[in-house]
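The values are calculated or read from the model by the stated rules, or taken from the named source; none is laboratory data. Since the model is a prediction, treat every value here as computed from it, not as a measurement. Note that each Cβ is placed from the backbone with ideal geometry, even for glycine, and that neighbours are counted across all protein chains shown. Surface areas here come from the heavy atoms of the whole protein model, side chains and all, with no ligands, DNA or RNA. Shrake-Rupley method; radii C 1.70, N 1.55, O 1.52, S 1.80 Å.
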There are 4 protein chains.
Amino acid sequence: MAFRTIGLFARQGDARIMGTVRALREHLLARDIELLPGDAPFFDLFDDGIGDVAESVHDRLDLGVAIGGDGTMLHLARHFSWTRVPLIGVNLGRLGFLTDLSAERMIEEVDEILAGNYYSETRILIAAEIHRAGARIAEGVALNDAVIAKGETGRMIEYSWWVDDEPVGTTRGDGVIVTTPTGSTAYALSAGGPILHPVLPALSVVPICPHTVSHRPIVLDDSSTIRFQVNDLAGAGGHLFLDGLDMALLEDDDTILIRKSEGQSMLVRAASHNHFEALRSKLGWAG
Amino acid sequence: MAFRTIGLFARQGDARIMGTVRALREHLLARDIELLPGDAPFFDLFDDGIGDVAESVHDRLDLGVAIGGDGTMLHLARHFSWTRVPLIGVNLGRLGFLTDLSAERMIEEVDEILAGNYYSETRILIAAEIHRAGARIAEGVALNDAVIAKGETGRMIEYSWWVDDEPVGTTRGDGVIVTTPTGSTAYALSAGGPILHPVLPALSVVPICPHTVSHRPIVLDDSSTIRFQVNDLAGAGGHLFLDGLDMALLEDDDTILIRKSEGQSMLVRAASHNHFEALRSKLGWAG
Amino acid sequence: MAFRTIGLFARQGDARIMGTVRALREHLLARDIELLPGDAPFFDLFDDGIGDVAESVHDRLDLGVAIGGDGTMLHLARHFSWTRVPLIGVNLGRLGFLTDLSAERMIEEVDEILAGNYYSETRILIAAEIHRAGARIAEGVALNDAVIAKGETGRMIEYSWWVDDEPVGTTRGDGVIVTTPTGSTAYALSAGGPILHPVLPALSVVPICPHTVSHRPIVLDDSSTIRFQVNDLAGAGGHLFLDGLDMALLEDDDTILIRKSEGQSMLVRAASHNHFEALRSKLGWAG
Amino acid sequence: MAFRTIGLFARQGDARIMGTVRALREHLLARDIELLPGDAPFFDLFDDGIGDVAESVHDRLDLGVAIGGDGTMLHLARHFSWTRVPLIGVNLGRLGFLTDLSAERMIEEVDEILAGNYYSETRILIAAEIHRAGARIAEGVALNDAVIAKGETGRMIEYSWWVDDEPVGTTRGDGVIVTTPTGSTAYALSAGGPILHPVLPALSVVPICPHTVSHRPIVLDDSSTIRFQVNDLAGAGGHLFLDGLDMALLEDDDTILIRKSEGQSMLVRAASHNHFEALRSKLGWAG
C-alpha cells in the first residue's frame, strides 16, 4: 500500500510538538505527499470537534500519524476505530509501546515506511456501555483498557460480575480493569496482570487491590461479554475510565457492559519493530 | 488488673448495636461493674465531640469496649492512643482481626476476661503530618495505615520518598500505603504487602499499583521517619487517608511525614485468641 | 451422541477405587452399556502397556471414564489425545478441575450424562521435544503443563527463550512453566500465572521465582512455537516435567521446543458444570 | 578502629581473583599492614579446613576481606559468625548487595576505609537444625537464608509449621524460605517476599509457589523460633539449603528448627554506601 495522503494529528500548544510537526511536514511535502490538514499544521486530537474531522477526512487518508506519546496515539486510534485507516505514532516523550518512531530518527524512519519497510498489526478495541435503571446512559471505546475505579474514598467498593451471563463472583477492592492485549502492558501490568501478546484474541480482567487475596487475573476469549454491577461504591461514587479518560460518574447499581468493539485499529510498525525487544527495554529485563 | 469501671463505645442508630449494648450493660451491671456513660447506652465514637469525652473519662476507665466492627475499634484506639486504657472489641459484622468477642458468645467471653483469662498486646500507631509551603496544615494518627491516594483521575500520580532523609526513589502509580503491623492484614495485604507479626517493631511501605513493576514492599524499623513528597497529582488532587478516613486534600508538592506515634494501644485479647488461627480463618488457608 | 461402549480407566491397587469401579460397572451393565475391558475391572492407566491398550480399543469406545483424581484424568487425556474419544472423570480425592463426577453422586450424574445432559469442551494439549546436539532425544504431550525445573541445587538456572524465532530474553530463576488453559489453574497459578479461560486459544509462559523481579507471565497465541535453551543448570542437571511426570534429565545447552499438540482432548462435562463456580469453590472466593 | 592486621579470603583457581589479590596485597604491604596468610596469597574459603583456619587466626585479625562476589562474602560471614571480626568484600562479578568494593576502584576505596571513612553494620544470621526421630542430625548457619526445597519431582511437597510452638498451618508447594534482612533481596525476593531493611530485627517466611494462593509472606520478630515438619516430600526427598549450600537430604517427618544464630556478622561499609541506592540500581527503579 502506498501512502500518498497522510493526516497529521497532535495536541495543541507545545513548542516541541510544533517543531517536530514542522520538520515532518516539510519532509513529506518535499516527497510529494499530500498532507491533511492543508491549512493548519495538524488536526488537534484533543479538540471536541475531532470526531467530525475524522469523519470528514477518513476516506481520503492513506495513513494517520500521531505526534506526541502513547496518549496521543490512543486518541487517534479511538477516533479512527470505525475506519480502516492505518496509523502510526511519533514518540516525543517516554519510550512508548504504541509510538514506534522516535523524534530523533523520525525522518529516516518515515522514509523506511514510505519505502514499504513496515508491517501492519490489527489491534482490538473495547466497547463499554453504562446502564442505569434500564437505560444506556453512556458508551465509548478504548484501545488500552476500561477501568472501574472507586471515587474519593479510603474504603473499598464492591462489584459482582458475569461472563456471557455466567456469574463469576463478587469482589471488593479498589476496582477492576478490563484490558485488551494492547493495554496489558499499561495499567493492568501495574495491577498484577499478565502480558498478552498483541495479536492474542483475548481480554484480561484484572482486579485492583482485591480484598480477597486469592482473586487473580482472568484471561477470556475476546468474544466474551463481560458485565459488571457496582453494588456499593462506599458513598463516594465511582468512575469508568476508558484509556484513562473519565467517561461517567458511576452510581450504586449501575451496570457496565464490556465487549470487543466492532471497530479496530490497524497499526503500522517499522519493519525493525520487535515486540519482545520493546518489552525487554521497557521492563528492564536483563539481556 | 481488675476491670471495675468500663466504658462502652459504639456508633449511633443501629438496632443490632442497641440490642447488643443493652445485653452487655445488663450483664455488667449485674456483676457490679460501674459503667460509663451512666446516662446513655454508650459514647458515640463517631460524634465530633468524642475527643473531649475521651479526655474527660480516660482516667476513670479500667477498660474500653467497642461494639461494632474493626472500624469501630479503630476509632476507639485512635481516640485513646495517648492514654493507657486497655481496649477490647465486640464484633457484630464480618470476622475481624481487632474485635475478638463475638456477638453470639459475648457474655461468656466477657466473663472470661473479667475472670482474668486474657492477655494484653501493645500495638504501635502511626503519626502523620502534612506540610505545605513550610507549614504543617494537618496531622493525625492511625492504628492501621496511612494511605496517599490519587484523586478522581485515570492517570498515575508521582511521589518521591526518603527514609531518615536518605532518598529511596521516585515512583508513579495509584499511591502508597504505610502500615503498622496491625494494618498489614488490611488494605496493605490487598496491595501485595507482607503480613507483619502484630508485635514486630516495624512499618511497611507498600506501593499501590506501581508503574515500575520491580517496585516491592519494604519493611522498615519503626524508629524510621518516612517522608513523601507528592510531585504530580495528575491535576486531580490527592488524599491522605488515616485508617480510611479522609484527612486532607493533597496538592502538588505537599510533604507528608510519617513516623511511629508517641501514643499506642493496649489491646485486651481473650486468652484463647491465636493470631495465626485468625489468619488461617480469614485468609482461607487450608488446615 | 449415544454412549453405548464405555472404557473404564484407573490405577491399580486402591480399595476405594475398586469399590467405585465395581459400583459403576454394575450400574452401567444394568443399563446395557458395553464395557471395556470385559475381563478385568478397568484398564490400568499407570501400566507401561497402556499406550498399546489405547490403540487397540479407541475405535470401539464412545466414552472413556477415569476413576481417581485429576492426575488420573491427565493420564487418560494424554493417552487418547490422538483420538476423538470423549472423556470424563470421577473424582475420589480433592476437588478437581478436570474430574466432574463426585464419588458420592456418581450414579445419578452418570445417568444424567447418558441421558444427554452434558456438553463437550475441546482442550488443547502441549507437545514438547528435547533436542541435544542436533538430535531429538525425547518428546511427549501434556494436558496441563510443561515445566523446565532446576535439579537438586540451591542455585538458580539460566535459560534463553524465543517465540517463533524472535528472541524474548534470558532469565535466571528456578525454571519456567508453559501451560495450557487447562493447566493455568494448576502449578502455573501457584507460580503467579493468570487464569486462562478453558477454551482460550492460548499458551501462558510463567517464570518460576525469576531473579529479575520485573519478569512477568506472558500469554501467547496457541499457534506460537516456544523454544528454550538451558544455558546453565548450575551443575545439577535439570528436568522437563510434562503434567508432573519426569520426561528427561536436562543437560546444559539442551533445547526444548514447545508448541500446541496436533492432538486434543474432548472433555465431557455435566450440563450443570460451571467453570467459574469451580474457580470460586477451589480458590475460596467469597460469594 | 585501626585495621593493622588484615586477612584475605578467596576461592582457588581464577586468574582474575589472583590478579586482584596480588594488587591488593602489594598495596596493603606498602602501607605497612600485616597480612594473613603470610605464606600464601589468601585463605581458601572453599577449602574443607577453612573452619580450623578461621579459629586459628580470628583473634589476630582486625579485618577480613573477601575477594570474589556475594557468594564468597557469604562464606566468609558464616565462618566468622562466632567472632567479632569486621568483614568487607571486593566484588569481581555481578553487582552485589554484600560486596561494596569494586575491583576497578579497589585501591582508593580500601584507602578510604583505612582512613576511617566507613561505618559498621551488624547483621543477624540464621541457625538451622534438622531433627530426625528425636536426634539432631545436622546444623548450620546462614547469613542470607535457609530454604526447604523439594527434590527432583514434578509434584508438590507438604509441610506444617509453628512459630514459638503456635501452629501456623499446613502448606503445599515447592518449599519455603526463611530469610534474614540480608537475604531478603536474594532468593526470597524472587519468590515474592518483601524487602527488609538490613537492620530490622526480623525474619521473613516466604512460601515458594504455594498451592493455596492466599498464602503470603509473613515477617516475624527475630526472637521467634520457627519449626517446620515436612509431612510429604512426594517420594523424592528434599533439601535444606543454607545460603544455597546443600546441608542435608530431608526425609518425610523431619523437623527443621530455625532461629536467630547467637553469632552475627559485622559488615564494614564504605562511608559512601547507601542501601537504597543499591536497591535502586539493582532492581532497576527509575530515578
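Candidates A:D44, A:D70: the one that is within 19 Å of the chain's Cα centre (by Cα), farther than 19 Å from A:T83 by Cβ and in the same structural domain as A:R84 (by TED's automatic domain parsing) is A:D70. Only a single criterion out of (1) of a type in the set (A, V, I, L, M); (2) within 13 Å of another protein chain (Cβ to nearest Cβ); (3) open to solvent by 40 Å² or more (accessible area, probe 1.4 Å) is not satisfied by A:A135, namely (2). Test of understanding: among D:T170, D:T179, D:T185, which residue is in contact (Cβ under 8 Å) with a residue 12 or more places away in the chain, more than 8 Å from every other protein chain (Cβ to nearest Cβ), of a type in the set (S, T, Y) and in contact with a Gly (Cβ under 7 Å, 6 or more places away or on another chain)? So the residue among D:T170, D:T179, D:T185 that is in contact (Cβ under 8 Å) with a residue 12 or more places away in the chain, more than 8 Å from every other protein chain (Cβ to nearest Cβ), of a type in the set (S, T, Y) and in contact with a Gly (Cβ under 7 Å, 6 or more places away or on another chain) is D:T179.
Per this entry, A:H211 is not counted among residues that are touching a Pro at 6+ places or on another chain (Cβ under 6 Å), within 13 Å of chain B (Cβ to nearest Cβ) and under 17 Å from C:L283 (Cα atoms). Filtering the range D:271-287 for residues that are open to solvent by less than 30 Å² (accessible area, probe 1.4 Å) and in a strand (DSSP E or B) leaves an empty set. Can you find a residue that is within 14 Å of chain B (Cβ to nearest Cβ) and either of a type outside the set (S, T, N, Q) or open to solvent by less than 20 Å² (accessible area, probe 1.4 Å) (or both) anywhere in the range A:257-265? Checking the range A:257-265: not a single residue is within 14 Å of chain B (Cβ to nearest Cβ) and either of a type outside the set (S, T, N, Q) or open to solvent by less than 20 Å² (accessible area, probe 1.4 Å) (or both).
Looking only at the range A:198-244, filter to residues that are of a type in the set (S, T, Y) and over 21 Å from A:E139 (Cα atoms); which one of those is most open to solvent (accessible area, probe 1.4 Å)?
My answer is A:T212.
Taken together, the criteria place D:A77 among residues that are more than 14 Å from chain C (Cβ to nearest Cβ) and hydrophobic (A, V, I, L, M, F, W, C). Does A:A186 meet the test of being under 23 Å from A:L279 (Cα atoms) and open to solvent by 10 Å² or more (accessible area, probe 1.4 Å)? Spelling it out, A:A186 is indeed under 23 Å from A:L279 (Cα atoms) and open to solvent by 10 Å² or more (accessible area, probe 1.4 Å).
The set of residues from the range D:93-109 being of a type in the set (A, V, I, L, M, F, W, C) and surrounded by 23 or more Cβ atoms within 10 Å (Cβ to Cβ) comprises D:L98, D:L101.
Screening A:T153 with (1) more than 8 Å from every other protein chain (Cβ to nearest Cβ); (2) open to solvent by 10 Å² or more (accessible area, probe 1.4 Å) gives one miss only, at (1). Does the range D:209-232 include one or more residues that are within 28 Å of D:L45 (Cα to Cα), assigned to a strand (DSSP E or B), modelled with pLDDT of 95 or more and touching a strand residue (DSSP E or B) at 6+ places or on another chain (Cβ under 9 Å)? No, that holds for no residue. For the range A:138-150, the candidate set comprises residues that are closer than 15 Å to A:R259 by Cβ and open to solvent by 30 Å² or more (accessible area, probe 1.4 Å); within that set, the residue that is farthest from the other protein chains (Cβ to nearest Cβ) is A:E139. Each residue in the range B:236-250 was checked for being of a type in the set (A, V, I, L, M, F, W, C) and at the interface with chain A (Cβ under 7 Å from one of its Cβ atoms), and 2 of them qualify. Considering only the range A:102-190, give the strands (runs of 3 or more DSSP E) lying wholly within it that have at least 3 residues that are within 22 Å of the chain's Cα centre (by Cα). Passing ranges, in order: A:118-132, A:135-142, A:145-150, A:175-179.
For the range B:219-229, the count of residues that are assigned by TED's automatic domain parsing to the domain that holds B:E139, of a type in the set (A, V, I, L, M) and farther than 23 Å from D:D221 by Cβ is zero.
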